[in-house]
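The values are calculated or read from the model by the stated rules, or taken from the named source; none is laboratory data. Keep in mind that what you see is a predicted model, and the values were worked out from it rather than measured. Cβ atoms come from the backbone with ideal geometry, glycine included; neighbour counts cover every protein chain shown. The area values use the complete protein model at the heavy-atom level, side chains included, leaving out ligands, DNA and RNA. Shrake-Rupley method; radii C 1.70, N 1.55, O 1.52, S 1.80 Å.
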Amino acid sequence: MRRVIWWFLLSVKRYCRRPAFLAVLLILPALAYWTAGAEKKGDEGIRIAVCVEGEENELGRRLAESLTDGERAGMFAFYMCENEERLKDDVAARRAECGYVIEEGLEDRLDAGDIKRVIHVYSAPSTVTAELSTETVFAKLVQLYDRKLLQAYVKDGKAFEGLSDAAEIDETVRRAGELYDRWLTKGGVFRFEYLYGLGAGESGGTAEENEEASGRIFPVRGLAAVLIFITGLYGTVTLCEDEKRGLFLRLEYALRLPCRLVSLAAPVALVGAASFLAFFLGGIFTGVFRETVLLFFYMVLVVGIASILKMLVKNSQVICCLLPFFLIGSLIFCPVFLDLPAFVPGVSFVGKLFLPYYYLRWF
């Protein structure tokens, strides 16, 4: 066993002395780290300024707080300005793409039906953010103001004419406001949930995990799976060349098969370690135990498939010719950049011929 371990370590050392192979090992973690930083920067959202005029502008203050409560409204990130002048300066300096000034007496004007120019917009000429973000602002305003309309209808509407007692009317109005808040904030009526990178009828975890996954633009796991798979096939080429040179003939007969296997597993282990690092740098690390176990079993599976391929195809040149076939097939028919099996009938069967397909489903 000690000699097998030494053979594995020497095989790892041999691959590490190849500059091209080392470059491949470094590319995936470097890309994962770079794209994770780019995605994190993009998560900050488009900055939009908001300010409220008037100390007694209660509805305007609540509207501004709902927009700037720390949660991004889609692609927009609203922040508060202390006055209109500061807001205009931020828009002019492009610290904000646009700005909204909530006029004084907003609620009184809405009660009177005066809905024109209740909110002023400052926008740079070269941006279309104002047109896009206006829907978000007025959607928040409608959410807040509709509560008052509902309570007013409960108090004076024909559907509640049977309520004659003042205390009963006040309790019904209060209860209507509570129900409105509950159905609005907790999504009790319905909600839309988008699942990214999954096949039809499959679930990838909680809504928070799916939302986090949807923001990623670089398929770290998919490329890692393909890279490990292709590296295993590449290891069979090197193994065939070693056997031609008689590298294993000096070993005892009982050690030849284990040494062949660890020689094949050496490049797979190196790429697996680089993939493990890429998961951590790319911000998709789910825990040491889970990542280690899944990667280990996948690498064992790759080594097994590569060994079977070597027994079927003993010519290293033929295996070299098969590498582009498996590489292109894995990228096209497996859910790496696009989950093609989920959209095109029959592709799922073809995708199962390529090993990374199963690995991606496990993750």
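Any residue that is within 11 Å of Ala49 (Cβ to Cβ), open to solvent by 70 Å² or more (accessible area, probe 1.4 Å) and assigned to a helix (DSSP H, G or I) - is there at least one of those in the stretch 72-87?
Within the stretch 72-87, one or more residues are within 11 Å of Ala49 (Cβ to Cβ), open to solvent by 70 Å² or more (accessible area, probe 1.4 Å) and assigned to a helix (DSSP H, G or I).
Could you list, in sequence order, the residues of the stretch 226-247 that are farther than 30 Å from Tyr33 by Cα, buried (at least 18 other Cβ atoms within 10 Å of the Cβ) and of a type in the set (A, V, I, L, M, F, W, C)?
Val237, Leu239, Cys240
Can you tell me which residues in the stretch 295-327 are without any contact (Cβ under 8 Å) to a residue 12 or more places away in the chain and of a type in the set (A, V, I, L, M)?
Listed by number, the residues that qualify are Val300, Ile308, Met311, Leu312, Val313, Val318.
Within 22 Å of Arg3 (Cβ to Cβ), open to solvent by 40 Å² or more (accessible area, probe 1.4 Å), among the basic types (Lys, Arg) and in a loop (DSSP other than H, G, I, E, B): which single residue out of Arg256, Arg250 fits that description?
Among Arg256, Arg250, only Arg250 is within 22 Å of Arg3 (Cβ to Cβ), open to solvent by 40 Å² or more (accessible area, probe 1.4 Å), among the basic types (Lys, Arg) and in a loop (DSSP other than H, G, I, E, B).
What number goes with the only condition from (1) open to solvent by less than 60 Å² (accessible area, probe 1.4 Å); (2) assigned to a helix (DSSP H, G or I) that Phe280 does not pass?
(1)
Against the conditions (1) in contact (Cβ under 8 Å) with a residue 24 or more places away in the chain; (2) under 27 Å from Ile5 (Cβ atoms); (3) open to solvent by 30 Å² or more (accessible area, probe 1.4 Å); (4) not hydrophobic (A, V, I, L, M, F, W, C), where does Thr292 fall short? Just the number, please.
Every condition holds for Thr292 apart from (1).
What are the residue pairs meeting all of these: first residue in the stretch 92-104, first residue of a type in the set (A, V, I, L, M), second residue open to solvent by 60 Å² or more (accessible area, probe 1.4 Å), Cβ atoms under 8 Å, and 6 or more apart or on different chains?
Ala96/Arg47; Val101/His120; Val101/Val121; Val101/Tyr122
What are the residues in the stretch 295-316 that are β-branched (Val, Ile, Thr) and surrounded by fewer than 18 Cβ atoms within 10 Å (Cβ to Cβ), if any?
Those that are β-branched (Val, Ile, Thr) and surrounded by fewer than 18 Cβ atoms within 10 Å (Cβ to Cβ): Val300, Ile305, Ile308, Val313.
Restricting to the stretch 194-252, and then to whatever is of a type in the set (D, E, K, R) and within 15 Å of the chain's Cα centre (by Cα), can you tell me which residue is modelled with the highest pLDDT?
Arg221
Considering every residue within the stretch 261-271, establish whether at least one is open to solvent by 40 Å² or more (accessible area, probe 1.4 Å), over 22 Å from Phe333 (Cα atoms) and modelled with pLDDT of 85 or more.
Checked against the condition, which is being open to solvent by 40 Å² or more (accessible area, probe 1.4 Å), over 22 Å from Phe333 (Cα atoms) and modelled with pLDDT of 85 or more, the stretch 261-271 yields at least one hit.
Here's the yes/no breakdown for (1) more than 30 Å from Ala278 (Cβ to Cβ); (2) modelled with pLDDT under 80:
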{"residue": "Ala23", "(1), (2)": "no, no"}
{"residue": "Ile27", "(1), (2)": "no, no"}
{"residue": "Ala30", "(1), (2)": "no, no"}
{"residue": "Tyr33", "(1), (2)": "no, no"}
{"residue": "Glu39", "(1), (2)": "no, yes"}
{"residue": "Arg47", "(1), (2)": "yes, no"}
{"residue": "Ala64", "(1), (2)": "yes, no"}
